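Heads up: the structure comes next, in structure tokens.
The values are calculated or read from the model by the stated rules, or taken from the named source; none is laboratory data. Since this is a predicted model, take the numbers as computed values, not measurements. Here the Cβ positions follow ideal geometry from the backbone for every residue, glycine too, while neighbour counts run over all protein chains shown.
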2 protein chains.
Amino acid sequence: MDVCQPYNVNAAECPSRAVLEHVTSRWGVLVLALLLDEESLRFGELRRTISGISEKMLAQTLQTLERDGFVHRAAHAVIPPRVDYSLTDLGREAAAHVWQLARWVERRLPDVREGQERYDRDRAAAR
Amino acid sequence: MDVCQPYNVNAAECPSRAVLEHVTSRWGVLVLALLLDEESLRFGELRRTISGISEKMLAQTLQTLERDGFVHRAAHAVIPPRVDYSLTDLGREAAAHVWQLARWVERRLPDVREGQERYDRDRAAAR
DNA sequence: CCGAATCCTCAAAGATACTG
DNA sequence: CAGTATCTTTGAGGATTCGG
């Protein structure tokens, strides 16, 4: 009932912890979310849609997710090259979970912001 | 239906994105998980239970979660100082979601590891 | 005992240039 | 087009010190 026995979380020593970081990482979340409702996308399409991502980080993120078995990579032997990315069944499950969490955060965002403002106000008043 | 309109994810420009990172961060996950089934813990108890965390990161994580309204901080005016941390209702919801994701990852870990091994084997063979 | 403040390091992210 | 290779930069995180 815990992530790596007694909450020891050195990712290198904790496989599930590493995978969790892959799917919740800055770009991982977005790649999963995007593929979840687009079904299949090319490298360039992902790059253009996810504003701000570098080629390096996109390639790295896709490789990690592919290695974990969440993303399927279909390289077509044509010129110019064409590579399509899509979710595997496992990846669709992962994406659904992550997406659910992301949506909860968005739903509750008003409450969170209210809390933040009170916190900041209280701390400002204490000075 | 998306995290910050067109998948733009600069955390500074995207409040929900920032909050998502708080709850899925390396230490945030553990603090939430721990408080979820311990109800209330002191600073030192958290520090000792989460092996590997530094005081700085624990303090920082707790402050962030408190500011978001997920964690309640009860400082008792005694000597030596005593501070108890617990989850708010909002925090309990957040923790439950994060925890559900973490448990899914752990359940599916065997599948992931199998995929990783095949991936590594295939890439090694290609050399 | 619970932190705040400071300094420091090293790994991850970005920028750039290049290739099959 | 879809990456890889290399270099630089940034900032999260750790170590240490200090104080209430």
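Going by what's in this entry, would B:GLU106 be described as in a helix (DSSP H, G or I), closer than 11 Å to A:LEU20 by Cα and either in contact with a Gly (Cβ under 7 Å, 6 or more places away or on another chain) or at the interface with another protein chain (Cβ under 10 Å from one of its Cβ atoms) (or both)?
yes
Inspect the stretch A:106-119 for any residue being within 16 Å of DNA strand C (Cβ to nearest atom), surrounded by 15 or more Cβ atoms within 10 Å (Cβ to Cβ) and either within 13 Å of the chain's Cα centre (by Cα) or touching a residue at least 24 places away in the same chain (Cβ under 8 Å) (or both) and give the result as yes or no.
no
What tally of residues in the stretch A:82-100 results from selecting those that are facing chain B (nearest Cβ under 8 Å) and more than 11 Å from A:LEU32 (Cβ to Cβ)?
Adding up the residues that qualify gives 2.
Go over the candidates A:THR61, A:THR88 one by one and state the one that is surrounded by 15 or more Cβ atoms within 10 Å (Cβ to Cβ) and within 21 Å of B:ARG17 (Cα to Cα).
Going through A:THR61, A:THR88 in turn, just one is surrounded by 15 or more Cβ atoms within 10 Å (Cβ to Cβ) and within 21 Å of B:ARG17 (Cα to Cα): A:THR61.
Starting from residues that are free of Cβ contacts under 8 Å to residues at least 12 places away in the same chain and within 11 Å of another protein chain (Cβ to nearest Cβ), keep the ones in the stretch B:28-46 and report whichever is farthest from DNA strand C (Cβ to nearest atom).
Filtering first and then ranking leaves B:ASP37.
Just wondering, is there one or more residues in the stretch B:72-90 that are of a type in the set (S, T, N, Q) and either modelled with pLDDT of 95 or more or more than 28 Å from A:GLU106 (Cα to Cα) (or both)?
There is at least one residue in the stretch B:72-90 that is of a type in the set (S, T, N, Q) and either modelled with pLDDT of 95 or more or more than 28 Å from A:GLU106 (Cα to Cα) (or both).
Filter the stretch A:63-91 down to the residues that are among the charged types (D, E, K, R), more than 10 Å from DNA strand D (Cβ to nearest atom) and not in a helix (DSSP H, G or I) and list them by number.
A:ASP68
Give me a count of the residues in the stretch A:53-79 that are within 15 Å of DNA strand C (Cβ to nearest atom), within 13 Å of chain B (Cβ to nearest Cβ) and out of contact with any Leu (no Cβ under 9 Å at 6 or more places or on another chain).
Number satisfying all stated conditions: 6.
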